[in-house]
Amino acid sequence: ENKPTSNFLRNIILEDLKLGKVDHIITRFPPEPNGYLHIGHAKSIILNFELADEFKGKTHLRFDDTNPAKEDTEYVESIKEDVSWLGYEWDGLFFASDYFEEMYNRAVVLIKNGKAYACDSTAEEIRQMRGSLTEVGQRSPYRDRSVEENLALFERMRQGEFKDGAKVLRAKIDMASPNINMRDPVLYRIAHAAHHNTGDKWCIYPMYSFAHPLEDAIEGVTHSICTLEFEDQRPLYDWVIRECEMENTPHQYEFARLNITNTVMSKRKLKQLVDEGVVDGWDDPRMPTISGLRRKGYTAEAIRAFAREIGVAKADSVIDTKMLEHFIREDLKLKVPRTMAVLKPLKVVITNYPENQVEMLEAENNPENQEMGTRQIPFSREVYIEQDDFTENPPPKYHRLFPGNEVRLKNAYFIKCNDIVKDETGKVIELHCTYDIETKSGSGFTGRKVKGTIHWVDASQAVPAEFRLYEALILDEDMTDEASFLDHINPQSLGIAHGFVEPNIKVAKPQDKFQFFRHGYFNVDPLNSTNDQLVFNRIVSLKSSF
Ligand code: ATP
Ligand code: MG
Ligand code: MG
């Protein structure tokens, strides 16, 4: 596999170690369990685990589960599965909700030191009072409550005496700060809601910007890496660590999030696609989720190689989907067998081939990887070819089959088209061809040449299969803005074809991968494929313009 490229975060760690600011590294991947992970999360996972690995440090998997309304154990389980599948073992599994008691106690420290107060203003009033960049904020009328009163009110908030929204706990920092995050941010809110981990134990929950630095400090995280939109929160992060008198002092660093063309990358939006039935679930192969990519047929190796290649930057950018596709082709090229599948079958009868005879022909499993050996494929009087490999009226330079023309059937013989059978509507339903026994593949025949080679499957032993052909789910290339992405859904993101594969593939298991000659790479669908009805998801076509 490719090596991680050097990046500014790695340089920071090197410097910290050199100057003795730290003597070990702990990073963390801190998902909120409110959805399935997507390829953007993979970038963060790979970055955190590989930075720690390189410096013999540790990486924690921590569920940032401080918002009871949106979180669920289904998401917790899927996140664990996806991180493992990507190839990483966490050095500790943590839940932010396990720290609720400690967080509460730290809030009490703030109150005692005159650094936090209970505020009865509504969310809207608080937003108004915090103001905008062009004006200083207004102080809350509750800002000067005494320590004793604040302690008592905070305790009563915890005891459930107040309704949702009736009070919050706010930090007392600076209503004139040029950084709005520092204008007395909310630390705790009241929410009478059951939590997936703590049940009904709590009815006050810490806000992200209070909870997150405490979580990092409690776990002894040294380098807390997040995406750029948290840059303005860094002073607050440091304030919380300092004023809560935490022993450990983690530091926050920001990097550019991953954006990909024709892709929405936010759990909220992905959940909307699931909830509105635009896709079949979080693991629909059209989704940019780890589980969707896995089901489509992406490998962890390909995703890791992609993440390393795009690297880590300080400025946002949009990566072309083609780059991700490039890495799965590269990964599968030498690994998977190349076989023949006919997606839209047209029957060909080889009229001069003996009835009831079947011969076995040898075919290479992967011409680029001799170690994969050869296989035997049956050939008999009837075969299927692609409908698209025949035309009655060939345009100039058409080298595939048409009346009177001769082509090679891959790994087999030359055949020549003599007759066309049509149904009542005029549709071509069968071709009558003759073959030339002299032209057998591998026989060294040089008598004459043909310009086209087409693939086929022997009809007597063909295995029926469904093929799912995916196109971009989102038509608009740039989905980084908040544009209503639901207006840009591709109505043709899934095409279904019913055809045949070689008999060798009948025993294919879920997640087995193949290259089908001329069609691209395919994966056996893990949910819908059965021995009687194989289902293949197209991972990617063969050609890349990247
Ligand atoms: P989303 O908006 O998709 O829900 P999030 O940031 O709210 O994303 P979290 O569960 O909080 O999701 O994310 C866990 C970690 O993954 C965070 O450290 C976050 O910075 C990182 N992350 C999320 N999206 C991306 C992305 N597109 N590129 C890189 N890192 C990401
Ligand atoms: Mg988040
Ligand atoms: Mg989120």
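Suppose the chain between ILE429 and ALA315 were pulled fully straight at 0.36 nm per residue; how much longer would it get relative to their current alpha carbon spacing?
Extra length available between ILE429 and ALA315 comes to 35.4 nm.
Place a point 7 Å from the Cα of ASN2 along the Cα-to-Cβ direction; which residues of region 295-327 have their backbone N under 16 Å from it?
Counting backbone N atoms under 16 Å from the label point, the list is 299-313, 318-327.
Can you tell me how much longer the chain between LYS543 and LEU334 gets when fully stretched, taken as 0.36 nm per residue apart minus their C-alpha distance, in nm with one decimal?
Additional length available on full extension: 73.7 nm.
For ASP316, what accessible area in Å² do you get when you roll a 1.4 Å probe over the heavy atoms of the protein chains, rounding to the nearest 10?
We get 90 Å² for ASP316.
Just want to confirm a number: the relative contact order over region 346-456, from Cα pairs under 8 angstrom separated by 6+ residues, in percent.
28
Taking the alpha-carbon centroid of each part, what is the distance from region 494-511 to region 239-287 in angstrom?
Taking the Cα centre of each part, region 494-511 and region 239-287 sit 35 Å apart.
Contour minus end-to-end for LEU486 and VAL147, with contour as 0.36 nm per residue of separation and end-to-end as the Cα-Cα distance?
117.1 nm
Stick to the Cα atoms of region 346-456, pair each with every other, and give me the Kirkwood hydrodynamic radius in Å at one decimal.
14.9
Just to be sure I understand the model, the point goes 7 Å from the Cα along the line to the Cβ. What's the resulting ASN531 to SER177 distance in nm?
Between ASN531 and SER177, the simple spin-label model gives 6.5 nm.
Please report the accessible area of ARG156 (heavy atoms, 1.4 Å probe, ligands and nucleic acids excluded) in Å², nearest 10.
Counting only protein heavy atoms, the figure is 100 Å².
Against the empirical 2.2 N^0.38 Å scaling, what ratio does the C-alpha Rg of region 81-206 come to?
Relative to the 2.2 N^0.38 Å estimate, region 81-206 comes out at 1.24.
Take every Cα-Cα pair in region 451-546 and report what % of them are more than 22 Å apart.
Looking at region 451-546, the distances longer than 22 Å represent 41 percent of pairs.
Which value, in Å², gives the accessible area per residue of region 8-259 when a 1.4 Å probe is used on the protein heavy atoms?
Here the residues of region 8-259 average 43 Å² of exposed surface.
In what order, largest first, do MET323, MET287 sit by accessible area if the probe radius is 1.4 Å?
Descending accessible area places them as MET323, MET287.
With a Cα-only, solvent-free Debye model of region 8-259, what are the log10 I(q)/I(0) values at q = 0.10, 0.17, 0.18 Å⁻¹?
Scattering profile of region 8-259, log10 relative to I(0): -0.51, -1.33, -1.43.
Once each part is reduced to its C-alpha centroid, what is the distance from region 86-121 to region 289-306 in angstrom?
First find each Cα centre; the distance between them is then 34 Å.
Would you mind computing, in nm to one decimal, how far apart the modelled labels at ASN105 and LEU133 are, each placed 7 Å from Cα along Cα→Cβ?
About 4.1 nm separates the two model spin labels.
Based on the alpha carbon coordinates of region 179-227, what radius of gyration and maximum Cα-Cα distance (Dmax) apply, in Å?
Reported Rg and Dmax, both Å: 13.3, 36.
To the nearest 0.05, what FRET efficiency results for ASN113 and ILE12 with a Förster distance of 25 Å applied to their C-beta separation?
The value I calculate is 0.20.
Taking the Cα centre of region 346-456 as origin and charging only Cβ (+1 Lys, Arg; -1 Asp, Glu), how large is the dipole, in debye to the nearest 20?
The calculation lands at about 380 debye.
As an exercise, identify the GluC sites (Glu not before Pro) in region 198-300 lying in DSSP coil whose Cβ has no more than 16 other Cβ atoms within 10 Å.
Loop-located and lightly packed - GLU245, GLU247, GLU276.
Can you list which of the GluC sites (Glu not before Pro) found in region 133-168 are DSSP loop residues with at most 14 other C-beta atoms within 10 Å?
GLU135, GLU161
Just how large is the dipole of the chain about the Cα centre, in debye to the nearest 20, putting +1 at every Lys and Arg Cβ and -1 at every Asp and Glu Cβ?
980
For each pair in LYS509/LYS543; LYS70/LYS271; LYS267/LYS543; LYS70/LYS115; LYS416/LYS449; LYS21/LYS56, compute the distance between the two Cα atoms and list the pairs where it is over 19 Å.
LYS509/LYS543; LYS267/LYS543; LYS70/LYS115, as the Cα separations exceed 19 Å there.
Quick one: with all protein chains in place, what share of the accessible area of region 316-365 is carbon or sulfur, to the nearest percent (1.4 Å probe)?
For region 316-365, the apolar C and S fraction of the accessible surface comes to 47 percent.
Rounded to the nearest 20 debye, what is the charge dipole size of region 8-259 about its Cα centre when +1 sits on each Lys and Arg Cβ and -1 on each Asp and Glu Cβ?
Its charge dipole is roughly 740 debye.
How do GLU406, GLU81 rank by accessible surface area computed with a 1.4 Å probe, from largest to smallest?
Most to least solvent-accessible, the answer reads GLU81, GLU406.
Over region 346-456, average the accessible area per residue using a 1.4 Å probe and give it in Å², no decimals.
55
What Kirkwood hydrodynamic radius, in Å, does the chain give when the mean of 1/r is taken over all pairs of distinct Cα atoms and then inverted?
By the Kirkwood definition, the hydrodynamic radius is 27.4 Å.
Rank VAL83, VAL147 by accessible area, highest first, at a 1.4 Å probe radius?
These residues rank, largest area first, as VAL147, VAL83.
Would you work out what percent of the accessible area of region 8-259, with all protein chains in place, is carbon or sulfur (probe 1.4 Å)?
Looking at region 8-259 in its full context, I get 47 percent from C and S.
Let me check I have the definition right: for region 232-372, take the eigenvalues of the Cα gyration tensor, multiply each by 5, take square roots. What are those semi-axes in whole Å, largest first?
After scaling each eigenvalue by five and taking roots: 50, 20, 13 Å.
Which value, in Å² and to the nearest 10, is the accessible area of LYS335 when all protein chains are kept and the probe is 1.4 Å?
LYS335 has an accessible surface of roughly 100 Å² with all protein chains in place.
The values are calculated or read from the model by the stated rules, or taken from the named source; none is laboratory data. All values reported here derive from a predicted model rather than from experimental measurement. Cβ: placed from backbone, ideal geometry, glycine included. Neighbour counts: every protein chain shown. Only protein heavy atoms, including side chains, enter the accessible area calculation; ligands, DNA and RNA are left aside. Shrake-Rupley method; radii C 1.70, N 1.55, O 1.52, S 1.80 Å.
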